[in-house]
Amino acid sequence: MPATGSTRKPQPSERLWHQNIHSTRGPQQHWLYSSTVVDTALQMEILRSEQRRVARVIAVLTLLLLFIVSILLAPQLFSPEARVRLQSSARLSSLLVAGYLVYELTIRFWLARLLSEKRTPPVAFRYFNTLIEISLPTAGLLVFAFTSEPLSALAGSIPFIYFPLILLTALNLDSRLCVFAGVTASVQFLAVALSVVNNSVIRNPASIPVLSMLLSPHQYVFKAALLLAGGLIAAFAATQIRKQMARVMETLDQRDRAISIFGQHVSPQVAELLLKQPVDYTGQERNVCVMFLDVRDFSRLSSERSAPEVVEFLNKLFGPMIPIINRYSGVVNKFLGDGFMAVFGAPIEDGQQCQHAIQAALEILREVERLNQDGSIPATRVGIGLHFGQAVTGNVGTSDRKEYTIIGDVVNLASRIEQANKPLASQLLISEAVANATRADGDLTATDMGLVELKGQLHPIRLFRLA
C-alpha cells in the first residue's frame, strides 16, 4: 500500500527531535483561529488609527491656539472694529482651547499605554471622547455668545471647526461613532443657533438685509443638515477603510497559513512562488523526486550521550542541510528522528527535480565531511536514497488535525533505497528512474549496482551509486 514515510519506528531518543512541522488546524478550528487573529490585529490597527486621529486633533487645536494667541499678541493684524470684538473673547477662548489640548495630550498618552499592553479602550469611552471633542466648537460659540456679538459668531468661522472634527472620527473606523459625531454636532449647533436667534432683540431687522439673513432659522437648519451629512460621509469612509483593512489582514493571514503548511524550512524562492500561484491543498498528482536521509549508527551515538547532547548534535548536523535543500528548490517534508524526508517538485513544480535532488545530496555529503574534519560533530556518516515517480500531494487527516504530505509508492521506494546504503556500503543511492531523468539533462557519472532486492518490494530494483 502507498505510504508516506519510512516504516522504521523511531527510538525514544530520536523522538526528542521529531517535529510535526506541518500540522494545521481543521477547517472549523482554523476559521475560528483566523477570525480571532484577524479581529485582534484589526483592533490593534484601529487603536493605532485612533492615535493618529488624536494627533490630528492636537494639530488642529495647536493651530487654533496659535491663531487666538496671535489676536492677543498682534492686534494690529486685524481691523479696529474686528479687534475689539475678538479681544473680548480671545482670553476665554485661549483657556478653552488650552484645556482641550491638555485633554487630548492625556488621551494620546493613555492610548499609547493601551497599545503597548495590547488592550483596547472601552466602547463607552469612544462615545464620551467623541462627545467631548465635538463639543469644542459648541463651547466656542457659547463663549462668543456671552462675550461678543452672538450672531457674528454663528456667521463666523467657528462652525467650520465641526467639519474637521467630524471627518477625523472616520479614523476610528467605526461607522456608528461617525454618525454619532454628525448627529451631536448637528443637534448642538442647531440648539445654540436657534437659542441665539430667539434671544436676539433687534429693532426693524428687515431694514438691514444682513441682519435679516442672520436671524433667519432656515440657514442654520441647512448648516445643521450639512453637519449631519458630514457624519454620514465619515461613516461611509470608515466602513470602506475598515473593510479594506480586514480584507488585507485576512489575505495576509491566509498567505501565512499557506506558507506554514509547508513548514518552517521553505526557501525564500519557494515561499515567493507559493504566494504568486494557487496551491491545491486537497490533492494533486505530481512527478516528484523524494529524498530520504538517515544518520548511520545513530543508536550508538545517542546511547553515549545525554538527551540534550543528542539534540545539540542533530541541530549541528541538520542545520547546514536545510539551506542546501532550500537552495535547490526542495522542501523538507518531515523529520524522522535521526533523518528527514525531503521532496523536490512539490508543492512547486520543478522540471529539474531529479537534477536538483542529486546536487543537493552531493552537497550535503560534502558538508558532513567538512563537519567531520573540523570536529564540529563526532565522526558521522549518513545514507541518502533518491527515487523519482508520481505521487499525490495534499492535506491528509481529520478536522482536528491535518498534515501536508506526499503519498505514493515513490515514498516507500525512496525509503527502501536509503536503507540499502548499509549493505552496499554506500552513501548515496539513486533509482533507475532518477538516473534516466538525470541523463536527459546531462551526463551522469554513477556506478551501476545492478538489480537489488529491497525489503517489502516484490521485484528487485536497479540502483546506481553516486557516493
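Here, each number is a calculation from the coordinates, and none is a lab measurement. What you see is a predicted model, and the numbers here were worked out from it, not measured in a lab. Virtual Cβ from ideal backbone geometry, glycine too; neighbours counted across all protein chains shown.
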Next item on the list: Can you grab the distance from the C-alpha centre of the range 361-380 to the C-alpha centre of the range 304-328, Å, no decimals?
Entry: 11 Å
Notebook entry, point to check: If we count every other residue with Cβ under 13 angstrom of Pro121's Cβ, Lys/Arg +1 and Asp/Glu -1, where does the sum land?
Noted result: +4
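Would you please put 157-166, 344-353, 373-382 in order of how densely packed they are, using the mean number of other Cβ atoms within 10 angstrom per residue and starting with the highest? Intermediate results must be reported in sequence, preceding the final value.
Numbers: 157-166: 19.2, 344-353: 21.7, 373-382: 13.0.
Per-residue mean Cβ counts within 10 Å order the peptides as 344-353, 157-166, 373-382.
Given the peptides 102-112, 321-331, arrange them by the average over their residues of other C-beta atoms within 10 Å, most packed first. List each step's numbers first, then the result.
Details: 102-112: 15.5, 321-331: 20.5.
Order by mean packing, descending: 321-331, 102-112.
Neighbouring Cβ atoms within 10 Å as the yardstick, rank Leu66, Leu413, Leu114 fewest first. Please list the in-between numbers first.
Numbers: Leu66 11, Leu413 24, Leu114 15.
Ascending Cβ contact count within 10 Å gives the list Leu66, Leu114, Leu413.
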Checklist line | Environment charge of Gly345, counting only residues whose C-beta is closer than 13 Å and scoring Lys/Arg +1, Asp/Glu -1 | finding: -2
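Cut-off is 10 Å between beta-carbons; in what order do Thr251, Thr138 appear when sorted fewest neighbours first? Don't skip to the answer; put the middle values down first.
On the way: Thr251 11, Thr138 20.
Ranked by crowding around the Cβ, least crowded first: Thr251, Thr138.
In what order do His387, His218, His356 fall by count of nearby beta-carbon atoms within 10 Å, going from fewest to most?
His218, His356, His387
Could you please report the charge total around Arg286, scoring K, R as +1 and D, E as -1 over all other residues with beta-carbon less than 10 angstrom from its beta-carbon?
Numbers: positive: none; negative: Glu285, Glu349, Asp350.
Local charge sum for Arg286: -3.
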